[in-house]
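The values are calculated or read from the model by the stated rules, or taken from the named source; none is laboratory data. Here the structure is a predicted model, which is why all the values come from computation and not from measurement. Counting neighbours? That spans all protein chains shown, and the Cβs are built from the backbone with ideal geometry, glycine included. Heads up: the accessible areas ignore ligands, DNA and RNA and are worked out on the full protein's heavy atoms, side chains in. Shrake-Rupley method; radii C 1.70, N 1.55, O 1.52, S 1.80 Å.
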Amino acid sequence: MRNNYVLKETVNLMSKLIEYESYPASQTDDTLEILNFVLAYCSELGFETKKVNDFLGWAQLGEEGVLIAFPIHLDVVPPGEGWSLDPFKLTKKGNYLYGRGTYDNKGPAAIMITLLNEIKNKVNLGKMRIRLIFGTKEETGMDCIKRYTETEEMPEAGFVPDAMFPAVVGEKARIHLKLKRKEKVEWMDKFIGGTQVNSVPDKCILIKNINDKNVIKASISKISENNFRIISHGAAAHASKPATGSNAILNLLVNLKEEYQSVCIKDILKLSSKKLNGKKIGINSLDDKFGDTSVNLGICNYEREEWNLELDIRFGRNISKKKIIKQLSKEFSNWDISIINFKDLHIVKEDDPILKELASIFYNHCPGESQEYIYMGGGTYASYFPDFVSFGPKFKNKRTFAHSADEKIEIEYLEKTINIYKDAIEMLIERANNNEI
C-alpha cells in the first residue's frame, strides 16, 4: 500500500466532496448531485454501481458470494455561524484540514473509496463482494438507509465509519417529535429558530409588532434588541450532547420579561435546564452505560398565530418511547404531538468476534489509546444492521467540531485512520475467504 499516494488521493477526493452543500436547507441540488458524483466517480474506477433512488445508491467490488458492506452518508448538517474559514472548501491550516464533513462523514467516504480502489488490484476477493452504501438523508431521519434495508440485499458483515474508536457498541434510542399549537401572541409577528433538529440552534430571530426595545430582561451577551427585532446567538453542537452547545432559542425565551411570556412560551421553557435532560417534564433517566436522557429543541417557529417545535430526544434502557410520549402529552396538554421519526436502541455484544478483531487492529496502531467500548447518544447507520458497530474515525480526546463551526481533522490522524481502515477491510476479506463470516 502506497500510504503517501492513498493519503494524497483521499485528500483530493475529500476536497471535491466538501464543495457540495449537501444539506436540505441549502436551496441547492447538491444533495442529489453529490450522490450522482460519487456513483459516477466509483463507476470510472471500475466499481459496479446502482442508484436506488435520488437519496440512496451503492458501489460494489466482486460479483458473487458473501456481502461485506460499509454504509456511509454524504449529507451534512448546515454550516451554522462562527466559521473562520469557508465551510465548503477544504482548507489546510497548520496540521489540520477544515471543512464541513471532514469527519462527518465525507472524510471517511473519501478514505473508503480510495482504499477499496487500491485494494481491488492487490487483494484476492475470492467469492465475496464489498459494497459501499451511500445515503444522503442520514442527518434528517435516515430514510435513505431505511429504504436500503427494505429493498436491497443485507450484508453479512461490515462496519460504519461514522463515530469513534475503538468502537461504538451502543447507540441510544432516538425520537424526533413535532409539536404544534395555535396561539395569538399580541406583541409578536414571527419567531424563527433552528434549521435542523439534530443540531443545537446557534441563531434565532424574533420579530415584534410593537415599537419597544425593552422586551428582554436586561442587557444579555449574544442577544441584541431594537424596536422591532431581537436576535439571539448561541453555539452549535450535536443534538446528542445539547448541553455542550448554547441553544439560541432557549437563551432568548428564558430572558423575555415575565409580561411577554405567553402560555406557549412558558410551556416551551419547560425544556430549559442546565443539563437539557428533560427533568422538568419528567423524562430524565440515568443509564449506567448511556448516561442521561438528552432533549434538544432544534427548531422553534411562530408564524400566523401558530407555534411549531421539533424535538430530538435520546434515551437509554430505563425509559421507553411510550413513557416519553405520555409525559410530553401531560406537560404539553394542549399541543398536537406527532412522531416524525423513531430509532430504537442499538447494542452489540462486547464478545462479538468481528468487533474484537476491529478493536485489536485499532490497538495495534494506537497502543496508548483507551480500550473501553463506547455507548453514545449519537445515532449512525449501524443501528439498522444487526451486529454492526461504528468504527472511528474520531479518536478519544480529539475535538472534531462536527456539527459545529470549524469542523476539522488533523492530518496525522487522517493518515492513522487510513491505515486502520486498510487493515480492517483486509481482515474482513480474509475472514470471508476463510468462511468465517
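Quick notes on this structure:
- Ile437 being of a type in the set (A, V, I, L, M), farther than 30 Å from Ser15 by Cβ, touching a helix residue (DSSP H, G or I) at 6+ places or on another chain (Cβ under 8 Å) and buried (at least 18 other Cβ atoms within 10 Å of the Cβ): yes
- Apart from one condition, Lys208 fits all of (1) under 24 Å from Trp307 (Cβ atoms); (2) open to solvent by 30 Å² or more (accessible area, probe 1.4 Å); (3) modelled with pLDDT of 95 or more; (4) of a type in the set (D, E, K, R); the exception is (2).
- Residue ID - nearest to Tyr302 (Cα to Cα), chosen from residues in the stretch 235-254 that are open to solvent by less than 20 Å² (accessible area, probe 1.4 Å) and in contact with an Asp or Glu (Cβ under 6 Å, 6 or more places away or on another chain): Ala248
- Restricting attention to the stretch 362-402 and to residues that are aromatic (Phe, Trp, Tyr) and in a loop (DSSP other than H, G, I, E, B), the residue that is nearest to Phe290 (Cα to Cα) turns out to be Tyr373.
- If you go through the stretch 395-407 and keep only what is buried (at least 22 other Cβ atoms within 10 Å of the Cβ) and modelled with pLDDT of 95 or more, you end up with just Glu407.
- Of the strands (runs of 3 or more DSSP E) that lie entirely inside the stretch 90-183, those containing 2 or more residues that are within 28 Å of Val197 (Cα to Cα) and open to solvent by less than 10 Å² (accessible area, probe 1.4 Å) span 128-135, 168-171, 173-182.
- Residue list for the stretch 255-276, filter: of a type in the set (A, V, I, L, M) and either open to solvent by less than 20 Å² (accessible area, probe 1.4 Å) or in a loop (DSSP other than H, G, I, E, B) (or both): Leu256, Ile265, Ile268, Leu271, Leu276
- The listed residue being open to solvent by 10 Å² or more (accessible area, probe 1.4 Å), of a type outside the set (S, T, N, Q) and in a loop (DSSP other than H, G, I, E, B), out of Glu9, Glu63, Glu33, Glu44: Glu63
- Every test in (1) surrounded by 15 or more Cβ atoms within 10 Å (Cβ to Cβ); (2) closer than 30 Å to Glu81 by Cα is passed by Ile425 save one, and that test is (2).
- Among the residues of the stretch 282-293, not a single one is β-branched (Val, Ile, Thr), at negative phi, in contact (Cβ under 8 Å) with a residue 24 or more places away in the chain and not in a loop (DSSP other than H, G, I, E, B).
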